[in-house]
Structure formats: structure tokens, C-alpha cells
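Chemist: Below is a structure I'd like to ask you about.
The values are calculated or read from the model by the stated rules, or taken from the named source; none is laboratory data. Given the structure is predicted, the values throughout are model-derived calculations rather than measurements. Note: ideal-geometry Cβ built from the backbone for every residue, glycine included; neighbour counts use all protein chains shown.
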Amino acid sequence: MNSIKKFSIIKESYRRISISSFVPEFKEPSQNDIDKLKEFIIKTNRLFVLTGAGISTESGIPDYRSEKVGLYNRTNHRPIQHIEFMKSPDRRKIYWARNYASWPRFSTFKPNTNHLIFSEWEKKGKIFHHVTQNVDSLLVKAGCLRLTEIHGTSYKVKCMDCNFRLTRDSMQLLIKEKNPYWNIITNELAPDNDVQLTKDQIKDFNTPTCPNCKNDRLKPEVIFFGDSIPKKIINLTSEKLLKCDGLLSVGSSLEVYSAYRIILQAKELKIPISILNIGTTRADQKADLKINTLCSKVLSKIKF
């Protein structure tokens, strides 16, 4: 079976996977919940939105921490650490082999109701700024512009030695040139596109090198675990929040400090906080309003 036919068969099997596969169990929202959030949104003139992986599960992308369906609960897989990627050629080889195998699927995911609603709210002038923890760029695909991808994006790659940049699709072609006969395809999926492969699957893979400086430290423009968010990004989000009069956190457990820090700042500034998420979050006690349900079940009912 040739690789094109093999990929077509795998792609068709993806279509059969329910989009709800990674959505945790939830209860339908009450009308009271919907009315309260609608009132919050209408009263807010400059809304600051903070989103996490929970807005993308309805597109078929898993999150990390959701009960039963999150990556941490289904597998022993843990994301690569920044320091190991930077220091180890073997780890870079493993990372790019896995990323290359998963990209044909990961890159085809499309915005869902949540992403499109935020794009619509932005066009109506409701959203002053939007910070997302997601690296899937589905908000960008949906047309969001007032957006900071605080953890970066999987759709861009740069050389850590000479700063040469290229798109992730161009990176796919670069890898293909170095691995013309390596055609491993995986049906696993991770929020950051870093999946698991066996040692045997990876052993014949050739690590891509930078077209400019020929070094092999090409890296997605993603903040890996253990890395720090650039100070200029932190300052930007802080400045935007200062100009807002309401914060809405959607689809995030807020366990990662980069997001929780924004909640703490809003609380210090006495900015009203609403949280919409399935399950508890780190900031539930900080919120003026907490709604525990599927994001789109509430957002789709809010009209203004």
C-alpha cells in the first residue's frame, strides 16, 4: 500500500471519531446561569477574555487535565521540557519525528462554535483583548485579531541559533526532504501535537536542520514546559487588562501560573471575574460568577 493511499484511509478513520471524544462529562446549564453570564457580558464595555484548551475540545483536540478524557488521565504522556529539547539532539530527533507524524491530522482541525463566537464578539467591539493558552491557532483561523497566544503557536517555527523563521507547513516539507521514505502515521493526538512513537519507529528518522545556519535547533514557536513567557508578552497582557472592566475565563483549569497570574491581577484591580469551565478551576474562589458546563452550551445562548 503506498503512503498516499495509507494516509487517505487513516484520514477517513479520523472523520469517524466523535468530536465529543475529548469533552468531559457535563451537566446542561440552567437558564439562570445563562442569564447571569449574559448580564455580565452586557454590562462589560471592555471585555478581557482568557481561554484554555477547553474551548478546543469540541473541535476534537484533547486538553491535558479533564477527568477521564484529558491527556494526563488517559496516558502516561507528558509534554517535552524546554531544557531537554534545547540540550539534547536525541530529544530533538524524537520530538520532530512525533510532531511530523501527527501534523497531517493536527493541522486540519477547524474552529468550532466557541472560536467563532469570540471572533463575532470581537467584530462587534465587545472584546477589548483576548489571551489564549492554546497553541492550536484555531482562534486565528476563526478570525480573531485582538489576540495574544501567550504560549505561542504550533504554526510557526524558528531556529534557536540564528532566528531563521519558517511556517510549520514549510517545516513539514523540509522534514520530508530529509526523510523521503519515512512515512509513519499516528492516530494519537496531544494538545501540543507532541505524540508518542516507539523507538523502532523513530530510529531511521533524520532530524531537520536550519536552511540558514545548518544547525538542528529548529523549534516551534511554542513555550515548552519549563520555559518562560517573554517579559514583553507579560507586560502587554498586563497593560491590556488595566484598560478592561470585566474578565471572562473560558475552558481553562487555570492551573498554569501564566493564566492564573492574570486572574490574580484582575482581582487586585477589582475587575469582575466570570469563569466558564467544566469542572473546578484554581481560581473558583476568586470569581464573582462560576458556571460549570460545556462552553458552547452557554456562549451560543448569549446575544447582544
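Chemist: Look through region 183-212, keep the residues that are at pLDDT 80 or above and of a type in the set (S, T, N, Q), and return whichever of them is farthest from residue 57 (Cα to Cα).
Modeler: Of everything passing the filter in region 183-212, 212 is farthest from residue 57 (Cα to Cα).
Chemist: Residue 228 - would you say it is without any contact (Cβ under 8 Å) to a residue 40 or more places away in the chain and under 21 Å from the mean Cα position of the chain (by Cα)?
Modeler: yes
Chemist: So, in region 111-134, exactly how many residues are touching a Ser or Thr at 6+ places or on another chain (Cβ under 6 Å) and either at pLDDT below 95 or in a strand (DSSP E or B) (or both)?
Modeler: 2
Chemist: Identify the single condition in (1) at pLDDT 95 or above; (2) touching a Ser or Thr at 6+ places or on another chain (Cβ under 7 Å); (3) within 25 Å of residue 83 (Cβ to Cβ) that residue 161 does not satisfy, given that it satisfies every other one.
Modeler: (2)
Chemist: Do you know which residues across region 20-54 are over 17 Å from the mean Cα position of the chain (by Cα), surrounded by 16 or more Cβ atoms within 10 Å (Cβ to Cβ) and aromatic (Phe, Trp, Tyr)?
Modeler: Across region 20-54, the qualifying residues are 40, 48.
Chemist: Continuing with this model, one more query. In region 243-277, what residues are assigned to a helix (DSSP H, G or I) and among the acidic types (Asp, Glu)?
Modeler: Passing the criteria: only 268.
Chemist: In region 256-283, what residues are of a type outside the set (A, V, I, L, M, F, W, C), out of contact with any Pro (no Cβ under 9 Å at 6 or more places or on another chain) and surrounded by 15 or more Cβ atoms within 10 Å (Cβ to Cβ)?
Modeler: If the condition is that a residue be of a type outside the set (A, V, I, L, M, F, W, C), out of contact with any Pro (no Cβ under 9 Å at 6 or more places or on another chain) and surrounded by 15 or more Cβ atoms within 10 Å (Cβ to Cβ), then 258, 260, 261, 265, 267, 272, 274, 277, 281, 282 are the ones that fit.
Yes/no matrix, rows are residues, columns are (1) in a loop (DSSP other than H, G, I, E, B); (2) charged (D, E, K, R); (3) surrounded by 21 or more Cβ atoms within 10 Å (Cβ to Cβ):
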| residue | (1), (2), (3) |
| --- | --- |
| 141 | no, yes, no |
| 166 | no, no, no |
| 170 | no, no, no |
| 184 | yes, no, no |
| 193 | yes, no, yes |
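Chemist: Assuming residue 240 fulfils every condition listed in (1) in a loop (DSSP other than H, G, I, E, B); (2) basic (Lys, Arg); (3) under 30 Å from residue 44 (Cβ atoms) apart from one, which condition is it?
Modeler: Failed condition: (1).
Chemist: If you scan region 89-105, which residues turn out to be hydroxyl-bearing (Ser, Thr, Tyr) and over 16 Å from residue 181 (Cα atoms)?
Modeler: Passing the criteria: 95, 102.
Chemist: Go through (1) of a type in the set (D, E, K, R); (2) within 29 Å of residue 104 (Cα to Cα); (3) at pLDDT 95 or above for residue 268 and report which single condition fails.
Modeler: Failing condition for residue 268: (2).
Chemist: Next up: Scan region 152-161 and give yes if some residue there is out of contact with any strand residue (DSSP E or B) (no Cβ under 8 Å at 6 or more places or on another chain) and among the hydroxyl-bearing types (Ser, Thr, Tyr), otherwise no.
Modeler: No, because not a single residue in region 152-161 is out of contact with any strand residue (DSSP E or B) (no Cβ under 8 Å at 6 or more places or on another chain) and among the hydroxyl-bearing types (Ser, Thr, Tyr).
Chemist: Quick one: residue 282 ticks every box in (1) within 28 Å of residue 28 (Cα to Cα); (2) assigned to a helix (DSSP H, G or I) bar one, so which box is it?
Modeler: Just one mismatch for residue 282, condition (2).
Chemist: Another one. Quick check on region 55-82: of everything there that is at pLDDT below 95 and of a type in the set (A, V, I, L, M, F, W, C), which residue is surrounded by the most Cβ atoms within 10 Å (Cβ to Cβ)?
Modeler: 71
Chemist: Moving on. Collect the residues in region 185-208 that are in contact (Cβ under 8 Å) with a residue 24 or more places away in the chain and out of contact with any Phe, Trp or Tyr (no Cβ under 8 Å at 6 or more places or on another chain), keeping them in residue-number order.
Modeler: 186, 188, 190, 192, 195, 196, 197, 201, 202
Chemist: Just one of (1) in contact with a helix residue (DSSP H, G or I) (Cβ under 7 Å, 6 or more places away or on another chain); (2) surrounded by fewer than 20 Cβ atoms within 10 Å (Cβ to Cβ); (3) of a type outside the set (Asp, Glu); (4) within 24 Å of residue 239 (Cβ to Cβ) trips up residue 109, so point out which.
Modeler: Residue 109 satisfies all of (1) in contact with a helix residue (DSSP H, G or I) (Cβ under 7 Å, 6 or more places away or on another chain); (2) surrounded by fewer than 20 Cβ atoms within 10 Å (Cβ to Cβ); (3) of a type outside the set (Asp, Glu); (4) within 24 Å of residue 239 (Cβ to Cβ) except (4).
Chemist: So, residue 293, is that one of a type in the set (Ser, Thr, Tyr) and touching a Phe, Trp or Tyr at 6+ places or on another chain (Cβ under 7 Å) or not?
Modeler: yes
Chemist: Quick one: in region 164-209, of everything that is touching a Leu at 6+ places or on another chain (Cβ under 8 Å) and among the hydroxyl-bearing types (Ser, Thr, Tyr), which residue is farthest from residue 104 (Cα to Cα)?
Modeler: Taking the candidates together, the pick is 209.
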